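We did not get these values from a lab; they are worked out from the coordinates using the rules stated. For clarity, every value in this text was computed on a predicted model and none was experimentally measured.
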Amino acid sequence: MRTSAVQRWKPLCVPGTKICDSSESTVAPLGGVFTPRNWADWLVTRYDLVETWLAGATVLDPTCGDGALLLALAAGALRRGVQPEALPVQRLYGVERESTAVAALLARFRREIGTTPPRANIRTADLLLTTPAFCAHVILI
């Protein structure tokens with residue numbers, strides 16, 4: 001019997017606790033799990049997403065949590081020598097249910113990157129509607 005990611009993390013789903021020592025990501029209220037930063041760094045490196053973003057792609061993280069994936073892109077660009085003021089942060093978008101997570105995302109960007117995406121690009125929303133095909137694609141990546 002397969003278990004979902006939330007079921008596997010269930011013992012850790014206590015608001016305010018750490019997922020692992022190497023991550024600043026925390027477990028969100030209601031059992032949501034934020035992406036650990038080390039995993040986000042691996043993902044953007046593995047699929048060369050920094051280069052894709054710097055080449056002109058617009059990026060949307062539809063469940064951005066505290067911003068690990070968006071931060072990984074920006075940090076990867078800084079490691080390549082792009083200056084904070086030259087980062088194309090206007091092409092980063094995120095949606096998150098929890099307003100406290102959005103505030104944490106923006107604070108982390110200021111602290112770690114030296115700039116932030118435009119505030120209008122990082123939104124709060126209560127529902128994410130999508131087709132089953134989209135969900136299957138995301139899971140299979």
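Mind pulling up the Rg/Rh value for the range 39-140? Radius of gyration and Kirkwood radius, both on Cα.
Numbers: Rg = 13.4 Å, Rh = 14.0 Å.
Dividing the radius of gyration by the Kirkwood radius yields 0.96.
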- Task: Would you grab the residues whose amide H sits under 5 Å from the one on I122? Only those 5+ places off in sequence or on another chain, please, with H modelled 1.01 Å from N.
- Result: G94
